[in-house]
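The next block holds one structure in the form of structure tokens; read it before the comments.
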Amino acid sequence: MVDDAPFLILGGELHNSSGSDLGYMEKNVWPGLRRLGGNCYLTPVYWECMEPEPEKYDFTLVDGVIEQARREGVRLILLWFGLWKNGNSSYVPAWIKTNPDYFYMHGIDGKMIESVSPFCEEAVDLDQRAFCRLMEHLRIMDEERTVIMVQVENEVGIWMNPRDYGSRANELFYREIPEEMAELYGASGTWEEAFGVNACEYFMSWGLSRAVGRIAEKGKESYNLPLFMNCVAMGLPLRAGQLPSGGPLPRVHKIWRKFAPTIDLYGPDIYSPFYKEVSSDFASANALMVPELSQDKNSASKALFTVAAYNTICFSPFGIDGLMTPLSENDLLAQMNTDLNVPQPCSGELLAEAYRILRMMWPDICKAQEEGRIYAFLQQNEPGAEFILDDYIINVTYGDGGMRGFMGQAGHRKEDAPIGGGFIIRQDTSRFLVCGLSCNVQVNPKYAEQAQVFVLDKREIRCTEEGLVPGRILNGDE
Ligand code: DGJ
């Protein structure tokens with residue numbers, strides 16, 4: 001709820017460095033976002049910029065980006081890049097980095113990792129103090145509530161190692177488990193005795209959730225905004241050591257909820273091909289919020305699917321400011337950057353259209369969800385999807401035929417087509433509203449030998465400023 005009304009966040013997360021230069025934001029970010037037409041964007045607050053010297057705070061960037069967002073008529077979600085950003089401590093102020101009193105995690109090989117240990121209470125205290133100042137500042141300067149949520153830290157967890165092997169961590173790991181963990185799981189003994197194969201992951205979840213819990217609690221006391229955390233989520237059967245250990249995956253939410261109770265929500269960052277598995281895992285753990293996913297030609301299909309399948313509260317591809325960049329600049333970026341964050345042509349336009357449709361159809365989607373009349377689909381490896389209803393079977397097959405209706409004759413070659421994705425709303429027993437791309441939908445009889453289905457009327461529906469209006473009669477090739 002925002003301003004006492006339901007609010008579906010259709011936006012995106014900015015590249016990590018965009019918000020560190022207000023001039024860059026004006027020139028390179030807002031023009032593209034205007035064309036995208038999202039309603040809320042996720043952007044970092046950098047601890048090193050906000051507290052360049054101990055207790056000397058500088059809110060220039062925070063205030064500047066909030067003012068820009070107000071002018072653009074959009075909301076913001078701020079990402080606190082404090083002690084941990086992707087498990088590392090790259091954004092902590094220099095005066096902490098150069099002070100050896102604040103100790104770092106160690107890997108199993110004994111080497112130090114560029115990540116402050118969650119067991120370093122003194123460092124956690126400093127982060128808590130800074131985060132608290134940020135929240136106080138927002139409470140005072142943001143009466144309009146341009147900022148609607150805050151993410152505490154970013155993708156916490158230790159990479160490539162099952163746990164922290166520093167001396168303080170070792171000392172704690174070989175002790176009896178703390179009483180609260182014993183009560184939570186009805187277990188006893190050392191971490192290994194109590195939790196066996198899960199010992200390292202539970203230990204790191206405990207350490208990190210206590211640290212983040214302390215930071216979040218004070219911040220929330222200062223200003224009661226919803227707080228959430230993002231999480232590396234691959235949908236693969238991997239354990240701590242192969243995945244960042246201790247991050248808030250659903251399998252350790254019990255620990256996170258106990259030790260960080262002021263965190264309202266945990267959301268997955270989905271860069272894995274197993275989008276459906278990850279989103280369903282998190283949707284059964286709490287309300288689904290997708291703060292990051294790879295932004296590419298498939299973002300639009302995923303947006304349609306995610307809102308229809310899970311009534312997600314947030315859909316936000318990462319690096320969104322790159323999505324609407326003119327093609328020539330994209331080409332340049334693509335040469336320099338081989339990672340996932342370089343979009344393909346037209347991805348931005350597709351996503352803008354998907355957002356427009358979703359915004360307009362959201363009340364219908366919500367009603368259909370309540371009444372169990374909505375069927376969402378997304379292509380991964382399968383050739384299609386099947387939905388068995390009372391009287392019919394709906395068959396969805398994936399391919400780029402559906403593409404034309406969505407984009408006009410955009411001239412995509414078959415191999416450039418996005419994956420199939422979308423939803424079907426049953427309007428009454430024999431009327432269906434289909435919204436999707438790269439898909440073909442057929443309504444077939446449930447019992448083929450007893451009945452046939454012929455189509456009475458097939459209409460295009462267009463999303464206009466006035467609402468959904470009937471378009472062409474699609475009775476031929478189209
Ligand atoms: C996940 C992180 O949370 C983001 O800040 C960004 O680094 C992306 N990965 C890059 O793909």
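Residue-wise test of (1) at pLDDT 95 or above; (2) away from the ligand (no atom under 16 Å from the Cβ); (3) among the hydrophobic types (A, V, I, L, M, F, W, C).
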| residue | (1), (2), (3) |
| --- | --- |
| Ala285 | yes, yes, yes |
| Ser301 | yes, yes, no |
| Glu329 | no, yes, no |
| Leu333 | no, no, yes |
| Cys346 | no, yes, yes |
| Glu349 | no, yes, no |
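The residue of the range 35-58 that is nearest to the ligand (Cβ to nearest atom), among those that are closer than 17 Å to Gln295 by Cα and in contact with a helix residue (DSSP H, G or I) (Cβ under 7 Å, 6 or more places away or on another chain), is Thr43.
This table checks each residue for (1) within 16 Å of the ligand (Cβ to nearest atom); (2) more than 22 Å from Gly319 (Cβ to Cβ); (3) part of a helix (DSSP H, G or I); (4) in contact (Cβ under 8 Å) with a residue 60 or more places away in the chain.
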site	(1), (2), (3), (4)
Gly235	yes, no, no, no
Asp269	yes, no, no, yes
Pro273	yes, no, no, yes
Val278	yes, no, yes, no
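For the structure I just gave you, tell me whether Met149 is crowded, with 22+ Cβ neighbours inside 10 Å, in contact (Cβ under 8 Å) with a residue 40 or more places away in the chain and farther than 16 Å from Trp80 by Cβ. No; evaluated as a whole, the condition is false for this residue. Scanning for something over 24 Å from Lys297 (Cβ atoms), within 31 Å of the chain's Cα centre (by Cα) and of a type in the set (S, T, N, Q), does the range 427-444 turn up at least one residue? Yes, the range 427-444 has at least one match.
Inspect the range 59-81 for any residue being in contact (Cβ under 8 Å) with a residue 12 or more places away in the chain and at positive phi and give the result as yes or no. No, that holds for no residue.
Looking at the range 229-243 only, could you name the residues that are of a type outside the set (Gly, Ala, Ser) and surrounded by 24 or more Cβ atoms within 10 Å (Cβ to Cβ)? The answer is Met229, Asn230, Cys231. Could you please find all residues in the range 79-131 being among the charged types (D, E, K, R) and within 16 Å of the ligand (Cβ to nearest atom)? Within the range 79-131, Lys85, Glu114 qualify.
The values are calculated or read from the model by the stated rules, or taken from the named source; none is laboratory data. Keep in mind that what you see is a predicted model, and the values were worked out from it rather than measured. Glycine also receives a Cβ, built like all others from the backbone with ideal geometry; neighbour counts cover every protein chain displayed.
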